[in-house]
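Following: one structure in structure tokens, then a few remarks.
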Amino acid sequence: MNKQFWYLLLLTPLFLLPLNAEEEDDILEEEVVDAPSNPQELLEVVRRGQFADTQMQRDRENKFLSEKNRQAKLLSDAKAERARLERIADQLEKKFEANEALLVVAEAQLKERLGSLNEIFGHIAGLTTEARNIFEQSITAGQYGKEREDFLKNLGAKMAEGIQLATIEELERLWYELQREITASGEVVKFNTEVITTEGTTDSREVVRVGVFNAVSDGKYLSYAQSRGMFEELPSQPAGRYTGTATEVMSADTFPVQFAVDPTGPQGGSYLASLISMPSWGERTGQGGPVGYTILYVLGLGGTLLFIWRLISLRAIRASIDTQLESKTLSNDNALGRILKIAEDNPKADTETVELKMAEQILAERPEIERLNWLVKLISVVAPLMGLFGTIIGMIETFQMITLFGTGDPKTMASGISIALVTTWLGLLVAIPMSFMSATLNNFSKGILDTIEEHSTGMVAERAEAK
């Protein structure tokens, strides 16, 4: 016991003696005087004030002297009380030391009598700790709840004390929980439970647990939130070919069914985490930056729309020519009709003149037929060059990162490498189909021109034979 503490405790009342009511009245009493009107009255007021202060101080001194005997008595009582408490504290300390010695003897006797049971305590305590760690991370906790974890916690604490033996019921319960987890690792079961959605809300759903590996609901993979004791949706899902198997296992009434399971972790391990972190096609395209968007949308999408428009226009021109071939009347609403009508409008002209006029009209029709075909071909050439341009930008950024941060962390170089590779990929992705589109338009246009030239040449030949 700290004796100085008792000194302070017992002397505290000596410093807390209140002033009596009469002293308080004397302190608060004030003399009300009129304001002085001349120096003599002011001097008198000052004198009375000094006298009043002197009188008050004398009263206080007399009061203190009158209480002197009382303070001495209080101090004597406090010292006596302190001595009494010190004797009690000494007695308690001796008793505590004696009890500690008895406790050491009792513990030694308990350890001697337990014998090999001490090893059982250690085995059970270690087993419960290991099982509890496994159960806390297992997805079966989302189905069975935390009751078994609380049981193992209490049992482990009891065994760690080494004072009480585990009962038969506790050992059988431990056996049951271990066997239930082993059995659950080979089961595919459905049950209803609360699931945390990606929006943070909870929803009661049907969940399918596949062993101790994965849990799915509504075609989505779940993880077990240990802190909340509930399943939760993953922030992002793997590709559709994997979530498709999750839908199949949800709707299956008979087994076996095809299911993509990740055996590397109790909640979906490294494989599932890698699939989730893998960027989608849209995210991968975005890694190309401004150059990638230019290749994809300006060149790719623009070239595709141009190809569709030109293909529709050429089909319309071809259809009008086919209609003209089936008709005996020449019309000016198609290229072939306009060319053949030259011969009809010039019946007296010689063959060479007609042939020249037809050739001139064919040359006039050619730009409309081959209109903007060159642009589609140009896009097929420019696209890979734009990809090469993006590659250069990406490599420059990569070398800048290496200069600033070194080569220790590959992630610092990932952005530049992504730009370099993705832009090259996008350039080829646009250039290859554009090459086929350009060839298609050229062949289509050439077919129309060949048809026009064939029939115009035939018309000239017939006219020459007629003469």
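The values are calculated or read from the model by the stated rules, or taken from the named source; none is laboratory data. Being a predicted model, the structure only gives us computed values, none of them experimental. Note: ideal-geometry Cβ built from the backbone for every residue, glycine included; neighbour counts use all protein chains shown.
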Condition set hydroxyl-bearing (Ser, Thr, Tyr) and part of a strand (DSSP E or B), scope the stretch 187-202, selection farthest from Asp253 (Cα to Cα): answer is Thr202
Would you confirm, using the coordinates I've provided, whether Leu272 is in contact with an Asp or Glu (Cβ under 8 Å, 6 or more places away or on another chain) and not hydroxyl-bearing (Ser, Thr, Tyr)? yes
Residues of the stretch 125-166 being of a type in the set (Asp, Glu) and either more than 30 Å from Arg205 (Cβ to Cβ) or assigned to a loop (DSSP other than H, G, I, E, B) (or both), in sequence order, are Glu130, Glu161
I'm trying to understand the selection: among the residues of the stretch 375-416, which are of a type in the set (Val, Ile, Thr) and part of a helix (DSSP H, G or I)? Val376, Ile379, Val381, Val382, Thr391, Ile392, Ile393, Ile396, Thr398, Ile402, Thr403, Thr412
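This table checks each residue for (1) touching a Lys or Arg at 6+ places or on another chain (Cβ under 8 Å); (2) closer than 20 Å to Gly145 by Cβ; (3) assigned to a strand (DSSP E or B); (4) not basic (Lys, Arg).
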position	(1), (2), (3), (4)
Ser204	no, yes, yes, yes
Tyr221	no, no, yes, yes
Ser236	no, no, no, yes
Gln258	no, no, no, yes
Pro263	no, no, no, yes
Residues of the stretch 228-253 that turn out to be closer than 18 Å to Lys190 by Cβ and at pLDDT below 85, as a count: 10
Apart from one, (1) within 25 Å of Phe436 (Cα to Cα); (2) modelled with pLDDT under 90 all hold for Trp309; the odd one out is (2)
Long-range neighbours under 6 Å by Cβ, at least six apart or interchain, first residue free of Cβ contacts under 8 Å to residues at least 60 places away in the same chain within the stretch 270-283, second among the hydroxyl-bearing types (Ser, Thr, Tyr): Ser270/Thr264; Tyr271/Thr264; Ile276/Ser236
Report whether or not Glu112 is at pLDDT below 80, charged (D, E, K, R), farther than 30 Å from Pro263 by Cβ and over 40 Å from the mean Cα position of the chain (by Cα). yes
Please find, among Thr412, Thr423, the residue that is surrounded by fewer than 19 Cβ atoms within 10 Å (Cβ to Cβ), touching a helix residue (DSSP H, G or I) at 6+ places or on another chain (Cβ under 9 Å), of a type in the set (Ser, Thr, Tyr) and in the same structural domain as Leu340 (by TED's automatic domain parsing). Thr412
Condition met for Ala184 (of a type in the set (A, V, I, L, M, F, W, C) and farther than 21 Å from Ala252 by Cβ): no
Taking Met434 as the residue in question, decide whether it is under 21 Å from Thr304 (Cα atoms), part of a helix (DSSP H, G or I), over 26 Å from the mean Cα position of the chain (by Cα) and among the hydrophobic types (A, V, I, L, M, F, W, C). yes
Residue selected from the stretch 223-232 under the condition without any contact (Cβ under 8 Å) to a residue 60 or more places away in the chain and in a loop (DSSP other than H, G, I, E, B), by the criterion nearest to Thr193 (Cα to Cα): Arg228
Could you please find all residues in the stretch 347-374 being surrounded by 15 or more Cβ atoms within 10 Å (Cβ to Cβ), part of a helix (DSSP H, G or I) and under 60 Å from the mean Cα position of the chain (by Cα)? Arg366, Ile369, Asn373
Considering only the stretch 133-144, I want to know if a residue exists there that is in contact with a helix residue (DSSP H, G or I) (Cβ under 8 Å, 6 or more places away or on another chain), farther than 24 Å from Val261 by Cβ and not β-branched (Val, Ile, Thr). no
Go through (1) within 21 Å of Glu248 (Cα to Cα); (2) in contact with an Asp or Glu (Cβ under 7 Å, 6 or more places away or on another chain); (3) among the aromatic types (Phe, Trp, Tyr) and name the single condition Phe231 misses. (2)
The one condition in (1) farther than 15 Å from Met230 by Cβ; (2) under 30 Å from the mean Cα position of the chain (by Cα); (3) exposed (fewer than 13 other Cβ atoms within 10 Å of the Cβ) that Val188 fails to fulfil: (3)
